[in-house]
1. Answer yes or no: is there a residue in segment 76-95 that is surrounded by 13 or more Cβ atoms within 10 Å (Cβ to Cβ), outside the structural domain of Ile193 (by TED's automatic domain parsing), of a type in the set (Asp, Glu) and touching a strand residue (DSSP E or B) at 6+ places or on another chain (Cβ under 8 Å).
2. Which condition number in (1) assigned to a helix (DSSP H, G or I); (2) touching a helix residue (DSSP H, G or I) at 6+ places or on another chain (Cβ under 9 Å); (3) within 20 Å of Gly207 (Cα to Cα) is the one that Leu26 fails?
3. Of the conditions (1) surrounded by 19 or more Cβ atoms within 10 Å (Cβ to Cβ); (2) under 16 Å from Val185 (Cα atoms); (3) out of contact with any Pro (no Cβ under 6 Å at 6 or more places or on another chain), Lys232 clears all except one; give me its number.
4. Which condition number does Asp113 fail, the rest of (1) crowded, with 16+ Cβ neighbours inside 10 Å; (2) closer than 18 Å to Glu4 by Cβ being met?
5. Among the residues of segment 79-96, are any among the β-branched types (Val, Ile, Thr), assigned to a loop (DSSP other than H, G, I, E, B) and on the phi > 0 side of the Ramachandran plot?
6. Against the conditions (1) touching a helix residue (DSSP H, G or I) at 6+ places or on another chain (Cβ under 8 Å); (2) within 30 Å of Arg225 (Cβ to Cβ); (3) at pLDDT 95 or above, where does Val117 fall short? Just the number, please.
7. So which of Ala269, Ala286 ends up being among the aliphatic types (A, V, I, L, M) and either touching a Ser or Thr at 6+ places or on another chain (Cβ under 6 Å) or surrounded by 13 or more Cβ atoms within 10 Å (Cβ to Cβ) (or both)?
8. Residues of segment 33-63 being at positive phi and either β-branched (Val, Ile, Thr) or not in a loop (DSSP other than H, G, I, E, B) (or both), which ones?
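The values are calculated or read from the model by the stated rules, or taken from the named source; none is laboratory data. Worth saying up front: this structure is predicted, and the values here are computed from it rather than measured. Here Cβ is always computed from backbone atoms with ideal geometry, including for glycine, and neighbour counts include all displayed protein chains.
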Amino acid sequence: MSEEMLAALAKVAPGTGLREAIENILRAHTGALIVVGGEPDIDAIVNGGFRLDVPFQAGLVYELAKMDGAILLDADVRRIRAANVELLPAQTLLSNETGMRHRTAERVARSTDALVVAISQRRNLVSLYRGTERYLLHDLGYILTKANQALASLNRYDRLWHAAARRLTLAELQGPVPIREVVEVLHRLALVIRIREEIRGYVLELGDEGHLIDLQLEEFPPPGRAWEALWKDYAVDPEAPVPAPGPSRAWDPAEWERRLGYGGPDELAVPRGWRALQQVPRLPPALIERVVRHFGTLPRLRAAAPDELDRIEGIGPQRARLIWRELHEGAAETLTP
C-alpha cells in the first residue's frame, strides 16, 4: 500500500468516529458512500443534496446514510460538509467495478485526492478507494490472525537477513566479493522491509486493537538505513537514487545485478564502507559520507590509523577512536564463531 492508503486506513481504524459510523451503517444494512476530503475538486462534480457544515458526529453520519446520496466530510473528519449529494465523475474514467455505488467511488477517487468509502448494502463489505488503489476492510479477528502470521514470518526472515549480512561481512574481510552475495543480502532485506510494511498496514487497520502488534514490531529495528547503506556500498554509481526494494515475490537476481551496474553474478566488487560505518554509534550520515569519500574503499578505511581519521573535518579524536574500534574489534567479533 502507498503512504496515502496507509493514512486512509488510520482514518477508519477502530476507535475513530468514522469507524463507529461505518460499523453502525453495516449493522443497519443500509449501505453508504462517504467522501473524505478532496476539496475543492470534489465540489466541481457534486450535484444536488444539501449543505450542512456541522461538526462530525458518528450518529449523524449513520442517520444521513439512510438517504440515497453521498456524504461529504472534510479531510480531517471534523465536519460534515454535505449530504444526499449526487456525484458526477467523468464517465470516461476506467472502472473495474460493476455496482453503481462502487463504480462511482472508484471514479471519484481517480479524479480527486479524496478518500472514498463505499459500504455495500447487499454484501455488507467496506471498500476504500484512494487514487488508483482499492482496499477491502476485513474483520478485526481476520486482521489479528494475519498480523500474527506476518510477525512470525518477520522473525524468521529477520534472522535470515542477519545471517546473510554476517556472511557478506566475512567475505568483505577476505577481499572483493561476488556480486551475487550482495544481491542475496538485498533480497533478504527486501523481504524484511516488505513484511514490516504489511504489518504497519495491519496496525493502522486495527487502530486501538493494534497496540500489542505495534509493540512486537518495535523489537525489529527498521532496516531502511541498512538497505541504503548496502546499496551505496556496492552500486557502480553511488550518486544515483537508491531504488525501493520492490515486490519480493517477483524478485529477479539478474535484474538487481543490472540495477547495481554489474553484468553478472560472478563479477567482483569492493565495498566503500557505508555499511561498516553505520555500526558506529551516533555517527551522522553526513560524516559517514565524508569518511567514505575520503578513503574510497573499506580496505583503505580499515587500514587507516586513528590519527588519520581524526584529520577528517568533523570527526575528532573521540569519534576517530570509535570508528577504528568498530572496524577492527567489531570485525574480530564477526570472525568469532
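1. Start the filter on segment 76-95 by keeping residues that are surrounded by 13 or more Cβ atoms within 10 Å (Cβ to Cβ), which leaves 77, 79-89, 93, 95.
Okay, now just the ones that are also outside the structural domain of Ile193 (by TED's automatic domain parsing), so 77, 79-89, 93, 95.
Checking the rest, the ones that are also of a type in the set (Asp, Glu) come to 86.
Next, only the ones that are touching a strand residue (DSSP E or B) at 6+ places or on another chain (Cβ under 8 Å) stay: 86.
Yes - at least one qualifying residue is present in segment 76-95.
2. That leaves (2) as the condition not met.
3. (3)
4. (1)
5. Of segment 79-96, the ones among the β-branched types (Val, Ile, Thr) are 80, 85, 92.
Filter once more, so that each one left must be assigned to a loop (DSSP other than H, G, I, E, B): 92.
Checking the rest, the ones that are also on the phi > 0 side of the Ramachandran plot come to none.
The answer is no, given that none of the residues of segment 79-96 is among the β-branched types (Val, Ile, Thr), assigned to a loop (DSSP other than H, G, I, E, B) and on the phi > 0 side of the Ramachandran plot.
6. Looking at each condition in turn, Val117 falls short on (2).
7. Ala269
8. Initially, segment 33-63 is screened for residues at positive phi, giving 37-38, 48-49, 53.
Passing the criteria: only Asp53.
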